[in-house]
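Below is one structure, written out as structure tokens; comments come after it.
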Amino acid sequence: MDVIPLTIPVIPFGIIYGVVGVELGLSPLVTFAMSFLIFAGSSQIAFAQLYTAGASPLVMISSVLAINSRHFLYSAVLAQYLNKLNLYWKILLSYLMTDQAFSVSLSYFKKNQKKTFSHYHMLGSGFTLWLLWQISTLLGIVLGNVIPEALGLEFAIPLTFLSLIIAELKKYDHLLIIIISGAISLVTYNFPLKVYIILSAFVGLVAAFILTTKYKKISE
């Protein structure tokens, strides 16, 4: 039940992905397979856009890894609660881990550290989100096959990412990182193989690390 409130944005996001995937020229099978295999909304949309734009495999893979790099942090945080599980459980939970599942499960783990089967909470949260994502993707694929191309729904991609960024504009350090990444994108936009995506992401990560380190030193 903890994850239910966080499922509200999952359904429209999944539908948008399904519609946009078809609009960009991906087959329904490939569009759905990405939801099943990757199960990461932002990465799937970025991959679909880069693939149809003719980006190199290196750029596509690097971009997906950069977007999902936060999962390394998630894993490190959850390790203290899940380190006693066998390999199969760890693989399953890592596949089902999303931002929402991580958030609600971490809160649950902190409150129920002595419970033996607390990992089932993450299993339930992750599976609920996974099922909703697959269903909403299928709905999007069906809609994508009947909606006219003239509507230009591929424009929903940048709008989706902008919606994720807007919430961060209230924080000075986050705004500075966004400006730096955006500036790098503009300067390197005409570089070959669309490497501006990797460069802007890398510089943004470096800027975030520097600002975070500086903030910690000031706090101390």
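Give the residue that is nearest to TYR51 (Cα to Cα), with candidates limited to residues of region 14-37 that are small (Gly, Ala, Ser) and surrounded by fewer than 18 Cβ atoms within 10 Å (Cβ to Cβ).
The qualifying residue nearest to TYR51 (Cα to Cα) is GLY25.
Identify all residues within region 19-52 that are small (Gly, Ala, Ser) and either in a helix (DSSP H, G or I) or within 18 Å of LEU143 (Cα to Cα) (or both); write none if there are none.
GLY21, GLY25, SER27, ALA33, SER35, GLY41, SER42, SER43, ALA46, ALA48
Would you mind finding the one in LEU78, LEU106, LEU58, LEU92 that is at pLDDT 90 or above, part of a helix (DSSP H, G or I) and over 14 Å from the mean Cα position of the chain (by Cα)?
LEU92 is the lone residue from the list that is at pLDDT 90 or above, part of a helix (DSSP H, G or I) and over 14 Å from the mean Cα position of the chain (by Cα).
Quick check on my filter: what residues within region 68-118 are surrounded by 10 or more Cβ atoms within 10 Å (Cβ to Cβ) and of a type in the set (Gly, Ala, Ser)?
Matches in region 68-118: SER69, SER75, ALA79, SER94, ALA101, SER103, SER105, SER107, SER118.
Can you tell me which residue in region 168-214 is nearest to LEU65 (Cα to Cα), limited to those that are among the basic types (Lys, Arg) and in a helix (DSSP H, G or I)?
LYS194
Are any residues in region 18-55 under 17 Å from the mean Cα position of the chain (by Cα) and farther than 25 Å from VAL195 by Cβ, and if so, which ones?
Of everything in region 18-55, those that are under 17 Å from the mean Cα position of the chain (by Cα) and farther than 25 Å from VAL195 by Cβ turn out to be GLY18, THR31, PHE32, ALA33, SER35, PHE36, LEU37, PHE39.
Consider LEU37 carefully, then state whether it is more than 24 Å from ALA66 (Cα to Cα) and without any contact (Cβ under 8 Å) to a residue 12 or more places away in the chain.
The answer is no for LEU37.
Being of a type outside the set (A, V, I, L, M) and part of a helix (DSSP H, G or I) is the filter here, so list the residues in region 1-18 that pass it.
Matches in region 1-18: PRO5, THR7, PRO12, PHE13, GLY14, TYR17, GLY18.
Being under 25 Å from ILE8 (Cβ atoms) and in contact (Cβ under 8 Å) with a residue 24 or more places away in the chain narrows it down to one residue among SER107, SER63; which is it?
Matching residue, one of SER107, SER63: SER107.
The values are calculated or read from the model by the stated rules, or taken from the named source; none is laboratory data. Computed from a predicted model, the values in this text were never measured in an experiment. Note that we place each Cβ from the backbone using ideal geometry, even for glycine, and neighbour counts take in every protein chain shown.
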